[in-house]
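Readers should treat all values here as calculations from the given coordinates under stated rules, not as data from a laboratory. The structure presented is a predicted model; accordingly, all values stated were derived computationally and were not measured. Cβ: placed from backbone, ideal geometry, glycine included. Neighbour counts: every protein chain shown.
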């Protein structure tokens, strides 16, 4: 009996050693993990919907740019060297283009706020072709709506400072292209304010303290999202009403936000990553356009700024933070 057991043990050991490795998803983002808690929950939820649980039957390799776009090409190349099955890229177009440049074979699932066809990421939304597909969450297309909401809350505003990140070239160009005619249509003057780093954000507010616009508009950008506490603090310190592109800003005291439900966009990216793990090709997965938008108003911040939120906004807000 002992001899039989001894004979079986080597076989069991070999079978265990030959267990196939878990599939791996690469996750590349220009920001830091602290800035993405809600979005990572959404991403993992999407994976779970496809039957994949991180650490159980799949591995996720994270690479963070820490708001330094120069690091992204090497981080993307590292994920390709590790032969991930799928590569998810977000936090701005710099991360997406770094992933695109790193591989022509590994499926890349992008998250972008601008038109991916215009950016040259895919040939069409319905038939992406190549190895890229992903989620388009419409941030630049919402500029007119965001400015209109800001004007409705602060009707006396005549001049608005528009924050852009010049380092995120395509996004900055798209924002400027959208914001100028939208502002003109409602009688607003705009002042473009560029900031590439945390230090430049502080410098921009120091300039605005002298120029004194009536309100500020913080464009959608991975850097700004990662520095949202700094932006909200500065806006509050200088008593400047502001609108932002995502609810995370309102959660830390920002006045108002309107934009795509980004956590749901990351959930959809997780679903697509799961579909790739199951064998789907990126070219066969049409680009998903987000359909969930939300208006969030921080009522407490409005009161601190001496603003009365009109009933027209109170009734349409998806959430009021008291």
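Report the paramagnetic label zone for residue 236: residues of the stretch 289-311 whose backbone N is under 13 Å from a point 7 Å from Cα along the Cα-to-Cβ axis.
Of the residues in the stretch 289-311, 298-305 have backbone N under 13 Å from the label point off residue 236.
Between residue 50 and residue 283, take the C-beta separation as r, use R0 = 25 Å, and let me know the FRET efficiency to the nearest 0.05.
The calculated FRET efficiency here is 0.85.
Quick one: Debye curve from the alpha-carbon atoms of the stretch 196-322 only, equal weights, vacuum; give me log10 I(q)/I(0) at q = 0.12, 0.15 Å⁻¹ to two decimals.
Calculated log10 I(q)/I(0) at the listed q: -0.55, -0.76.
For the stretch 266-306, state the average projected area of the convex hull of the C-alpha atoms over all orientations, rounded to one decimal in nm².
Spelled out: convex hull of the Cα atoms, projected over all directions, averaged, 4.3 nm².
Which values, in whole Å and largest first, are the semi-axes of the equivalent ellipsoid of the stretch 169-246 obtained as the square root of 5 times each eigenvalue of the Cα gyration tensor?
19, 16, 11
Using only the alpha carbon atoms of the stretch 228-283, find the Kirkwood hydrodynamic radius as the inverse mean reciprocal pair distance, in angstroms to one decimal.
Numbers: mean 1/r = 0.0752 Å⁻¹.
When all Cα pairs of the stretch 228-283 are included, the Kirkwood radius is 13.3 Å.
How do 86-93, 73-80 rank on mean C-beta neighbours within 10 Å, highest first?
86-93, 73-80
Hey, what number do you get for the chain at 222 nm if only DSSP H runs of n ≥ 4 count, each worth -39500 (n - 2.57), divided across all residues, to the nearest 500? Provide the component values of the computation, followed by the final result.
Working: 13 runs with 137 residues, N = 322.
Calculated from helices alone, the mean residue ellipticity at 222 nm is -12500 deg cm²/dmol.
Fully extended, how many nm does the chain gain between residue 74 and residue 126 (0.36 nm per residue separation, minus their Cα-Cα distance)?
Result for the pair: 15.6 nm of gain on full extension.
Grab the beta carbon distance between residue 62 and residue 101, set R0 = 22 Å, and tell me the FRET efficiency rounded to 0.05.
Efficiency for this residue pair is about 0.65.
Viscosity 0.890 mPa s, temperature 25 °C: give me the Stokes-Einstein translational D for the stretch 58-211 in µm²/s, with Rh taken as the Kirkwood radius over C-alpha pairs.
141 µm²/s
Once you put a point 7 Å from the Cα of residue 197 and another 7 Å from the Cα of residue 184, both along the Cβ direction, what distance in nm separates them?
It works out to 3.5 nm between the two label points.
Take the Cα atoms of the chain, find their three principal axes, and give me the spread along each one in whole Å, biggest first.
Largest to smallest, the principal-axis extents are 89, 40, 36 Å.
Of 39, 210, how do they rank once you tally other Cβ atoms within 10 Å and put the fewest first?
Ordered from fewest to most neighbouring Cβ atoms within 10 Å, 39, 210 come out as 210, 39.
How big is the Cα convex hull of the stretch 56-128 in projection, averaged over all directions, in nm²?
Over every viewing direction, the Cα hull of the stretch 56-128 projects on average to 5.6 nm².
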